[in-house]
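Below: one structure, written as structure tokens.
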There are 2 protein chains.
Amino acid sequence: MAKSNKKYMELALELARRGYGDVEPNPMVGCVIVKDDRIIGRGWHKNYGGPHAEINALEDCLKNGHDPAGSTICVTLEPCCHTGKTGPCTDAIINAKAAKVIAAMEDPSDKVAGKGLAALSQAGIRVSVGTCRKQAMLLNPAFIKYSKTGLPWVILKWAQTLDGKLAAAEINDENRWISGDAARKDVHKLRRSCQAVLTGTGTLLADDPLLTPRPDKGKKPLRVVLDRELKIPIESNMVKTAGEFPVLVITSVKAEKNSEKTPVLREKGIEVMGIEPADGKIRLQTVLKELGSRKIQRLLVEAGPRLLTAFMQDNLADEAVIYSAPKLLGAAGTADINREITSAGIKPTLYHTETALLGYDTRIRAMFRHVSQIAQAEF
Amino acid sequence: MAKSNKKYMELALELARRGYGDVEPNPMVGCVIVKDDRIIGRGWHKNYGGPHAEINALEDCLKNGHDPAGSTICVTLEPCCHTGKTGPCTDAIINAKAAKVIAAMEDPSDKVAGKGLAALSQAGIRVSVGTCRKQAMLLNPAFIKYSKTGLPWVILKWAQTLDGKLAAAEINDENRWISGDAARKDVHKLRRSCQAVLTGTGTLLADDPLLTPRPDKGKKPLRVVLDRELKIPIESNMVKTAGEFPVLVITSVKAEKNSEKTPVLREKGIEVMGIEPADGKIRLQTVLKELGSRKIQRLLVEAGPRLLTAFMQDNLADEAVIYSAPKLLGAAGTADINREITSAGIKPTLYHTETALLGYDTRIRAMFRHVSQIAQAEF
């Protein structure tokens, strides 16, 4: 029985992943309903604000002509017991007369935190928690971190050549992109899964990026620019599109107060925020606290080697998504992430690594923290 | 018709690849025999000294109860017309009464060089050449280069982290290998496909490598050490195994003549060869000429960043096989290929790149030359 529970939970985890890029900042959740060792319903949380996985799985049961009464419900996260954008899942499960609920992990958010399982138990439903707990935690580490600390999960993203160059020194039409189409498409999905995308002045001036997800599919992650001296050009793509996609420029208190640019940017709908620098720098920890207070759960950092490395150096990086292109640039390359990490003296350890081919490129996803650190909120 | 020829030739190319690691220094060759738009025989060159692809395909025909008379034979390389380790394929084809032979490319070696096709034509068989020529050339570039220049095809191999480190600075049981099991197994196959494996003193002293293919499957590539000052330790693994797998130590004339190590190494069955250095260095071009004269067609270079980069710098590198592991070492790493290539001022361009996942690692195979340069013997 324990063995088949694991099998069903793995399927539920697989279903959960289908929500990637659509459900955030909600967690990805999957659900499988089993009766007489047969799957009678499947569901997953499909999009932010939509019905939860359990509701979709119960509906799938009924649609297929099955009665969930007496069934076992395998779900990758403890069912909710509060009325948020949807009604409580516990009520739906109790009404469906399920016999047992197996959850992979407790919901760490204050609103649930064991209360969902308790409600089920009180209604006479057997509950168990912990099947495939590790995989379930690795599915939604940002949700866990944010629930426990109020801080965003920081994802460092870069596309590099085999020899660690993020760009060609002299850009032309042929070398403009380090990675290929499939990898670039993947980046847009990654952006859709995040509530904010952060960059620095260097990248802004060098690349004039939009940093929007394309297509956006209704997702409008906040674009954050760390710009201590307020160098952002009024003519930049980011300023031009501030009406459609929000922009937050974080600068020094001095620049915010004194720069002639501040009112111009504000008039264009850009939020300009001054933070008092410490040792001449805007502290990344302060930025994360600010973004956390704005409910940013997943923060994507798309920046140059220096800012990327600064997050590692301050032990603020949680995850890396690296697109590695099968190219060597050598002396024709610039923005050398390898050199930056090495000369900063950092010795990064990557955990829970996944590798995938995207066309000719490879995508490496890994975490800077072991799942046990995430569980204990050691950030 | 032309379209289906292409389809059959692509199948023949696929069959040819099965010989990789076994047939070298012979070329990989595949053959498909077609009659009434139906495949009646398949064959490929399976191992060095064994029957050629055409012979195997004709045998396959007969085994399946088909008569090759009147058939079209698609073969990835011009059939041979000389008696080497096996009889001439042209005779077998003529005896089989084939109607047509389609070859992807001419055999560039002196012994054939069009004479095979001429013999077939003279016997009344229609011949055509050039279907999938590019793919056929990319299959056996070493065979082409060696036939045209007498020089080995130089393959640079290294295993690196994402940040271009070839090794951990402090080796322990956990970080001894940069790449995983599948990649290391692949390296042994790569060694079996080469007639010599070359390294430098630095790697020899740091890693004490064997550089043998394991299992060797009867292949005993010559192990070549560039060791100008004859620093090779008598107690090294390579010296210890010199009785089983040949070793050639290339040093300066001075060291060869004066070192006390020379007679000791020779006594252990190692060949010690002195080359007059130019500007204090053993010229790689001279080494390649020497190895070419010893019928080394595929030379694998497994060395540190400096020697690998020297081959690129002298424009002597033909192919790269790079195993990229999803790790960052940063300041904990050493042997930085990225830094070496960059500081040498090289701007490498890779052609005909193939990417494959091997476990968690990625293997990148690419050429430093475009196929058109190979065709024109521009080395």
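The values are calculated or read from the model by the stated rules, or taken from the named source; none is laboratory data. Treat the numbers as computed from the prediction; the structure is a model and nothing was measured. Cβ placement follows ideal geometry from the backbone for every residue including glycine, while neighbour counts extend to all protein chains displayed. With ligands, DNA and RNA removed, areas are computed over all heavy atoms of the protein, side chains included. Shrake-Rupley method; radii C 1.70, N 1.55, O 1.52, S 1.80 Å.
Let me spell it out: the conditions are (1) under 30 Å from residue B:162 (Cα atoms); (2) part of a helix (DSSP H, G or I); (3) hydroxyl-bearing (Ser, Thr, Tyr), and residue A:147 meets all of them except one. Which number is the exception?
That leaves (1) as the condition not met.
Only one of B:79, B:25 is surrounded by 20 or more Cβ atoms within 10 Å (Cβ to Cβ) and not in a helix (DSSP H, G or I). Can you tell me which?
After ruling out the rest, the residue left standing is B:79.
Just to be sure I understand, how many residues within the stretch A:161-174 are among the acidic types (Asp, Glu) and either crowded, with 20+ Cβ neighbours inside 10 Å or not assigned by the TED database to the domain that holds residue A:238 (or both)?
Matching residues across the stretch A:161-174 total 1.
For the stretch B:369-379, which residues satisfy the criterion of being over 18 Å from residue A:328 (Cα atoms), open to solvent by 40 Å² or more (accessible area, probe 1.4 Å) and touching a Phe, Trp or Tyr at 6+ places or on another chain (Cβ under 8 Å)?
Listed by number, the list holds a single entry, B:373.
Among the residues of the stretch B:175-191, how many are in a loop (DSSP other than H, G, I, E, B) and open to solvent by less than 70 Å² (accessible area, probe 1.4 Å)?
Residues that pass the stated criteria total 4.
Being in contact (Cβ under 8 Å) with a residue 12 or more places away in the chain, of a type outside the set (A, V, I, L, M) and surrounded by fewer than 17 Cβ atoms within 10 Å (Cβ to Cβ): is that true of residue B:37 here?
yes
Does residue A:340 meet the test of being open to solvent by 20 Å² or more (accessible area, probe 1.4 Å), out of contact with any Phe, Trp or Tyr (no Cβ under 8 Å at 6 or more places or on another chain), more than 7 Å from chain B (Cβ to nearest Cβ) and assigned to a loop (DSSP other than H, G, I, E, B)?
no
How many residues are among the small types (Gly, Ala, Ser) and open to solvent by 50 Å² or more (accessible area, probe 1.4 Å) if we restrict to the stretch A:40-65?
The total comes to 1.
Give A:365, A:369, A:339, A:298 a once-over and let me know the one that is of a type outside the set (A, V, I, L, M) and in contact with a Cys (Cβ under 8 Å, 6 or more places away or on another chain).
Among A:365, A:369, A:339, A:298, only A:298 is of a type outside the set (A, V, I, L, M) and in contact with a Cys (Cβ under 8 Å, 6 or more places away or on another chain).
With respect to residue B:69, is the statement that it is open to solvent by less than 10 Å² (accessible area, probe 1.4 Å), at pLDDT below 95 and over 17 Å from residue B:130 (Cβ atoms) true?
For residue B:69, the condition - open to solvent by less than 10 Å² (accessible area, probe 1.4 Å), at pLDDT below 95 and over 17 Å from residue B:130 (Cβ atoms) - is not met.
Do you know which of the residues in the stretch A:112-169 that are touching a residue at least 24 places away in the same chain (Cβ under 8 Å) and among the polar types (S, T, N, Q) is farthest from the other protein chains (Cβ to nearest Cβ)?
Residue satisfying both the conditions and the ranking: A:128.
Can you name every residue in the stretch B:104-130 that is in contact with a helix residue (DSSP H, G or I) (Cβ under 6 Å, 6 or more places away or on another chain), closer than 18 Å to residue B:53 by Cα and either surrounded by fewer than 21 Cβ atoms within 10 Å (Cβ to Cβ) or not assigned by the TED database to the domain that holds residue B:27 (or both)?
Across the stretch B:104-130, the qualifying residues are B:109, B:127.
Suppose we keep only residues that are touching a Pro at 6+ places or on another chain (Cβ under 9 Å) and assigned to a strand (DSSP E or B) within the stretch B:155-174. Which one would you say is farthest from residue B:211 (Cα to Cα)?
B:161
For the stretch B:276-319, which residues satisfy the criterion of being open to solvent by 20 Å² or more (accessible area, probe 1.4 Å) and among the acidic types (Asp, Glu)?
B:276, B:279, B:290, B:314
Okay, residues lined up against (1) open to solvent by less than 50 Å² (accessible area, probe 1.4 Å); (2) more than 7 Å from every other protein chain (Cβ to nearest Cβ); (3) under 25 Å from the mean Cα position of the chain (by Cα):
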{"residue": "B:332", "(1), (2), (3)": "yes, no, no"}
{"residue": "B:344", "(1), (2), (3)": "yes, yes, no"}
{"residue": "B:356", "(1), (2), (3)": "yes, yes, yes"}
{"residue": "B:367", "(1), (2), (3)": "yes, yes, yes"}
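Determine whether residue A:97 is out of contact with any helix residue (DSSP H, G or I) (no Cβ under 9 Å at 6 or more places or on another chain), at pLDDT below 90 and in a loop (DSSP other than H, G, I, E, B).
No.
Hey, can you tell me all the residues within the stretch A:33-68 that are of a type in the set (Lys, Arg), within 16 Å of residue A:96 (Cα to Cα) and out of contact with any Cys (no Cβ under 9 Å at 6 or more places or on another chain)?
A:63 - this is the single residue of the stretch A:33-68 that is of a type in the set (Lys, Arg), within 16 Å of residue A:96 (Cα to Cα) and out of contact with any Cys (no Cβ under 9 Å at 6 or more places or on another chain).
Picking from A:53, A:12, which residue would you name as being touching a Ser or Thr at 6+ places or on another chain (Cβ under 8 Å) and closer than 21 Å to residue A:219 by Cβ?
Testing whether each residue is touching a Ser or Thr at 6+ places or on another chain (Cβ under 8 Å) and closer than 21 Å to residue A:219 by Cβ leaves just A:53.
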